[in-house]
1. Scanning region 206-251 for residues that are in a helix (DSSP H, G or I) and hydroxyl-bearing (Ser, Thr, Tyr), which turns out nearest to ALA164 (Cα to Cα)?
2. From the residues in region 201-254 that are hydroxyl-bearing (Ser, Thr, Tyr) and crowded, with 19+ Cβ neighbours inside 10 Å, which one is farthest from LEU26 (Cα to Cα)?
3. So which pairs qualify, if the first residue must be in region 49-64 and more than 20 Å from GLU138 (Cβ to Cβ) and at pLDDT below 95, the second must be polar (S, T, N, Q) and crowded, with 18+ Cβ neighbours inside 10 Å, the Cβ gap must be under 7 Å, and the two must be at least 6 apart or on different chains?
4. For region 73-103, which positions are aliphatic (A, V, I, L, M) and more than 10 Å from the ligand (Cβ to nearest atom)?
5. Within region 104-119, which residues are of a type in the set (D, E, K, R) and more than 10 Å from the ligand (Cβ to nearest atom)?
6. Filter region 196-205 down to residues that are assigned to a strand (DSSP E or B) and of a type in the set (Gly, Ala, Ser), then give me how many there are.
7. Give the number of residues within region 79-115 that are surrounded by fewer than 16 Cβ atoms within 10 Å (Cβ to Cβ) and of a type in the set (Gly, Ala, Ser).
8. Filtering region 15-40 down to residues that are near the ligand (Cβ under 10 Å from one of its atoms) and more than 15 Å from TRP218 (Cα to Cα), which residue is surrounded by the fewest Cβ atoms within 10 Å (Cβ to Cβ)?
Amino acid sequence: MKQHTDPYQQPDLQDPKVIEAMAKRLEDRGEHKGFLSFIDDYIETIRGLPELETVLDLGCGTGVVTRRLRAALAEETTVIGSDISEKLLQKARELQSEGILWEHAEVGALRYEDGSVDVVVLHTVMSHLKDPLAFLQEVKRILRPGGLCIVFDADYASTVYGIADFKKGREIETALLGAIIENLDICRRLPAFAQQTGLALERHQSYVISEAGRGDFWLSSVRGFETLIPALEILPESEAEAWVGEMLASHEQGTFFASGNYYTYILSR
Ligand SMILES: C[S@@+](CC[C@H](N)C(=O)[O-])C[C@H]1O[C@@H](n2cnc3c(N)ncnc32)[C@H](O)[C@@H]1O
């Protein structure tokens, strides 16, 4: 099988089927009540910040979080959604054209002036970056003193898809998630990254999304893998079919199990 580069590092270079599957997964997640409530928790923190002029959703994808920020924040607050992918930004614009500044980001230095942004949201972005520490340093540069960096991410190293053969399941999870996530353990490294960048770790919050019996949130990720596995050549065909088949069948039979942990880190400059 191939050596993999996290496809979220260069979405626009992916096969159209792959980018479609990525966009669908992002929007599916954004319909899950629990997932939305995690976003609402940190939006509440953002709303508590005095003098909220500019909020930047960096790595906004199709804009799930950006739209929610726009709906929750005062009209005077500028909400920016920024991403390296023109194709995902195009979808974001189609989903909401009004009230949000959609901006193309370059890899590397951010386009914003020092201290010019009140809040930066990184929602499942750090887990995909080649150099998350350098990225966080750039984020710190553009934050105003007292500004917040909200990092929400999955601890993909603890994501579990239940199949009958536990050992085989572990191998497959590592192969699947490892192929599309650069940093499976990002949540475990964030306290050290905060210290190294000089951002204060104000607090963190942990969450779990687990599904037993039938799948919804995690079932949509299995369906995404159904497209991604052959397109990115992640697993041998027969192994992939068996894994996807078992996961989908367990949903039909009411024996589905999958679970994963998420964390929000509130960092301040
Ligand atoms: C898993 S998606 C998350 C999208 C969105 N935040 C959400 O949760 O719905 C990761 C996003 O980060 C973007 N991305 C990756 N590297 C980036 C970079 N260096 N600067 C800005 N965006 C980046 C990708 O294009 C992709 O849209």
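The values are calculated or read from the model by the stated rules, or taken from the named source; none is laboratory data. As the structure is a computational prediction, the values presented were derived from the model and not from experiment. All Cβ positions, even for glycine, are placed from backbone atoms using ideal geometry, and neighbour counts span all protein chains on display.
1. Looking at residues that are in a helix (DSSP H, G or I) and hydroxyl-bearing (Ser, Thr, Tyr), I get SER250.
2. SER250
3. Pairs found: none.
4. LEU73, ALA74, VAL79, ILE80, LEU95, ILE100, LEU101
5. ARG111, GLU113, ASP114, ASP118
6. Selection size over region 196-205: 1.
7. Total meeting the criteria: 5.
8. ILE19
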